[in-house]
Amino acid sequence: MHSSRSPGRHPRRLILLVAAVVTLITSLSVIPAATAADTLLSRGRPVTASSAENAVFPAAAAVDGDPGTRWSSAFSDPQWIQVDLGEVATVTQVVLNWEAAYGRAFQIQTSRDGAAWTPIHSTTTGAGGTQTLAVSGSGRYVRMYGTQRATQYGYSLWELQVYGTLGGGPDPTPTPTPTVPGGDRLLSYGRAGVASSSQSDQNCWECTPARAFDRDPASRWATSSTTGWVDPGWIYVDLGATAQITKVVLQWDPAYAKAFQIQVSPDASAWTPIYSTTAGTGFKQTLTVSGSGRYVRMYGTQRATPYGYSLWEFQVYGTGGAPITPPPLPPDPADPPRLVWSDEFNGAAGTRPDAAKWTADPGTGPNNELEYYTDHDNAAMDGAGSLVLEARKEVTAGSTCPRDPLSGSGTCQYTSARMNTGGTFEFTYGRVEARVKVPKGNGLWPAFWMMGADFRTGRPWPYNGEIDILEVLGKDVKTAYSTVHAPAYNGGGGVGGSYRLPGDADFSDDFHVWAADWDSKGIVYTLDGRTVFTVDKAAVEATRGPWVFDHPFYIILNLAVGGDWPGPPDATTPFPRKMLVDYVRVYR
């Protein structure tokens, strides 16, 4: 049930303007002084962050001493910003001057090596504004590590100030955190990149070198569409210090290299090849290599397509360098998983969906659908333990839909229901299931599915990812579909499968339990406890493109009328038609 419309979005500028102005005014006059013995250690020091909303709000803006500039992160959890004090220090006070997008739950952490972190302050009730935190700890690196945002936006700091005294013990040699066998770690994350050219237009906006090193599989680097569709084309990363390179992972866009080398250099001038091929395969290539250097380059000499070169990810593993520790990956569900969220729909007849769990998504439907989704007017309990989503043949005055073949009108001729948990419940990994009875009739399209939560904060579909658990077309209620959509495979090209009920039964006869068991290895779809389709992450990366499903998602239920896939209702379609949902449950 792919969609390009964002449910419940509001312009950030309108929501946060007053709060931001108040915060800025406060920041100009209320930066508390530390004790006389302490020194401001963080101003102008090297700083890195898990992400930046865009180039206007870089990490360095949080330590530049200017209360009118700020760092702002991507709109997801967790996020962090860390400052390198240059040597081990005794830290006594941290001042956080928040923009209106602040952290509700966060830690202040210290580290001697930028790898192992010790919390020295922790809260789940952050109030924003200017927070002056008395702390006690030591380390060369100090980090704000946010785990829960107070708004749907990111984390944003006008200033991060660290006070204390230099000297807290010896500054040890950094100890890598192993991430691959042999003690190697990811060295390229967050490091600076340089390329022969880059693209920034309506087809690939801000596809800069940094996108290849951000561990975000939905962002990419591409050579310029005006000057870069030529040979050679290249991109390199500065690891910050000399490293021993053992592995390179390339996740290619369809614009890949047929002939290329992996090269290393001590100075980004003289390059030594450590891998070479004239038979590049595209998709995901994991290359075992051996070489040393501060700089690592992919040097393409023959494009596989008429276009340029483009990489979703360029990852370099090894030892040494000056690695930046990326945010931890989400943990897999417990074994066995436990129930963490549910709605049993046991309200009295006529009761609307629980506002603490579900948000209506009103308006005209996407995908050339013919219905107008109401504000829960078409969704209610039936008093017998089920939620009813009802499609009705009724006109919504002033609305605009594709022309209805039956009436010939461009005014929406049908109403129905669409609801989601965006903003109330979002989760990464687990078992999500629903017991559903679908309606029969040409033009009906019931669905139980999930959208990547960053869709609500501005990332467009399909870059946010979509996981469809149940889709049935009313014209063929013996067949159900489960699909995933991502930048490299979406719409009719999504990765999915279909399955049919045996014999004379169809899905409109009774309730069935549709479920998805989702973890770091992929998604297993089941129907009434029987596995019907498996989407393997490694196989998708090797044959279709990047996997974009390792972050929070929210749940959607809807009953569409018409659309590109099911086609329109006809004279045989009875109305009203009901989609019944006995329960929705999530286990982790």
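The values are calculated or read from the model by the stated rules, or taken from the named source; none is laboratory data. Every value quoted in this text rests on a predicted model; they were computed, and no experiment measured them. Here the Cβ positions follow ideal geometry from the backbone for every residue, glycine too, while neighbour counts run over all protein chains shown. These accessible areas exclude ligands, DNA and RNA; they are computed on the full protein's heavy atoms, side chains included. Shrake-Rupley method; radii C 1.70, N 1.55, O 1.52, S 1.80 Å.
When restricted to residues that are open to solvent by less than 40 Å² (accessible area, probe 1.4 Å), within 30 Å of residue 489 (Cα to Cα), small (Gly, Ala, Ser) and assigned to a loop (DSSP other than H, G, I, E, B), region 251-283 contains 3.
Among the residues of region 251-276, which ones are in contact (Cβ under 8 Å) with a residue 12 or more places away in the chain and farther than 30 Å from residue 487 by Cα? Correct list: 264, 265, 266, 267, 268, 271, 272, 273, 274.
All told, residue 134 falls short of being in a loop (DSSP other than H, G, I, E, B), modelled with pLDDT under 95 and surrounded by fewer than 22 Cβ atoms within 10 Å (Cβ to Cβ). Among the residues of region 470-478, is any crowded, with 18+ Cβ neighbours inside 10 Å, closer than 22 Å to residue 359 by Cβ and basic (Lys, Arg)? No, every residue in region 470-478 fails to be crowded, with 18+ Cβ neighbours inside 10 Å, closer than 22 Å to residue 359 by Cβ and basic (Lys, Arg). All of 460, 487 fail the test of being within 20 Å of the chain's Cα centre (by Cα), farther than 26 Å from residue 387 by Cβ, touching a residue at least 12 places away in the same chain (Cβ under 8 Å) and open to solvent by less than 30 Å² (accessible area, probe 1.4 Å), apart from 487.
Could you list, in sequence order, the residues of region 403-426 that are assigned to a loop (DSSP other than H, G, I, E, B) and out of contact with any Cys (no Cβ under 9 Å at 6 or more places or on another chain)? Answer for region 403-426, where residues must be assigned to a loop (DSSP other than H, G, I, E, B) and out of contact with any Cys (no Cβ under 9 Å at 6 or more places or on another chain): 403, 405, 406, 407, 408, 417, 421, 422, 423, 424, 425, 426.
Residue by residue, here is whether (1) over 33 Å from the mean Cα position of the chain (by Cα); (2) at positive phi holds:
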residue: 362; (1), (2): no, no
residue: 368; (1), (2): no, yes
residue: 371; (1), (2): no, no
residue: 374; (1), (2): no, no
residue: 382; (1), (2): yes, no
residue: 388; (1), (2): no, no
residue: 393; (1), (2): yes, no
residue: 396; (1), (2): yes, no
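Only residues that are touching a residue at least 24 places away in the same chain (Cβ under 8 Å), open to solvent by 40 Å² or more (accessible area, probe 1.4 Å) and not in a strand (DSSP E or B) were counted in region 221-250, giving 6. Annotation: of all residues in region 413-424 being surrounded by 21 or more Cβ atoms within 10 Å (Cβ to Cβ) and not polar (S, T, N, Q), the one that is nearest to the chain's Cα centre (by Cα) is 422. Selection over region 474-488 of residues that are assigned to a strand (DSSP E or B) and out of contact with any strand residue (DSSP E or B) (no Cβ under 6 Å at 6 or more places or on another chain) gives a count of 3.
From the list 275, 236, pick out the single residue that is in contact with a Leu (Cβ under 6 Å, 6 or more places away or on another chain) and of a type in the set (Ser, Thr, Tyr). Result: 275 is the single residue among 275, 236 that is in contact with a Leu (Cβ under 6 Å, 6 or more places away or on another chain) and of a type in the set (Ser, Thr, Tyr).
Contact annotation: residue pairs with Cβ atoms under 6 Å, 6 or more positions apart or on different chains, pairing a residue in region 48-75 that is of a type in the set (Gly, Ala, Ser) with a partner that is in a helix (DSSP H, G or I) and open to solvent by less than 30 Å² (accessible area, probe 1.4 Å), are 49/59. Among residues of region 95-131 being in contact with an Asp or Glu (Cβ under 9 Å, 6 or more places away or on another chain) and more than 24 Å from residue 57 (Cβ to Cβ), the one that is most open to solvent (accessible area, probe 1.4 Å) is 112.
For region 365-403, enumerate the residues that are among the hydroxyl-bearing types (Ser, Thr, Tyr) and either open to solvent by less than 30 Å² (accessible area, probe 1.4 Å) or over 16 Å from residue 443 (Cα atoms) (or both). Matches in region 365-403: 373, 374, 386, 396, 399, 400. Here is a check on your reading of the model: is residue 531 modelled with pLDDT of 95 or more, closer than 30 Å to residue 250 by Cβ, open to solvent by 10 Å² or more (accessible area, probe 1.4 Å) and of a type outside the set (Asp, Glu)? Spelling it out, it is not the case that residue 531 is modelled with pLDDT of 95 or more, closer than 30 Å to residue 250 by Cβ, open to solvent by 10 Å² or more (accessible area, probe 1.4 Å) and of a type outside the set (Asp, Glu). Looking at the structure I just gave you, is residue 406 under 26 Å from residue 554 (Cα atoms) and touching a residue at least 60 places away in the same chain (Cβ under 8 Å)? Considered against the rule, which asks whether it is under 26 Å from residue 554 (Cα atoms) and touching a residue at least 60 places away in the same chain (Cβ under 8 Å), residue 406 comes out as no. For region 557-588, a residue qualifies if it is β-branched (Val, Ile, Thr) and within 18 Å of residue 437 (Cβ to Cβ), and the qualifying residues are 561, 573, 581, 584. Restricting attention to region 148-162, the residues that are open to solvent by 20 Å² or more (accessible area, probe 1.4 Å), part of a loop (DSSP other than H, G, I, E, B) and not hydrophobic (A, V, I, L, M, F, W, C) add up to 2. One residue stands out in region 427-457 among those that are part of a loop (DSSP other than H, G, I, E, B) and under 25 Å from residue 148 (Cβ atoms): the one that is most open to solvent (accessible area, probe 1.4 Å), namely 428. Taken across region 467-487, residues that are more than 30 Å from residue 529 (Cβ to Cβ) and not hydrophobic (A, V, I, L, M, F, W, C) do occur, with at least one present.
Out of 302, 315, which single residue is open to solvent by less than 60 Å² (accessible area, probe 1.4 Å), in a strand (DSSP E or B) and on the phi < 0 side of the Ramachandran plot? Of 302, 315, the one residue that is open to solvent by less than 60 Å² (accessible area, probe 1.4 Å), in a strand (DSSP E or B) and on the phi < 0 side of the Ramachandran plot is 315. Of all the residues in region 83-122, those that are under 25 Å from the mean Cα position of the chain (by Cα), within 23 Å of residue 457 (Cβ to Cβ) and not small (Gly, Ala, Ser) number 6. Of all the numbered requirements in (1) of a type outside the set (Asp, Glu); (2) out of contact with any Leu (no Cβ under 6 Å at 6 or more places or on another chain); (3) crowded, with 18+ Cβ neighbours inside 10 Å, residue 559 misses one, and that requirement is (2). Just so you know, in region 186-206 the residues that are assigned to a strand (DSSP E or B) and modelled with pLDDT of 95 or more include one that is nearest to residue 254 (Cα to Cα), and it is 199.
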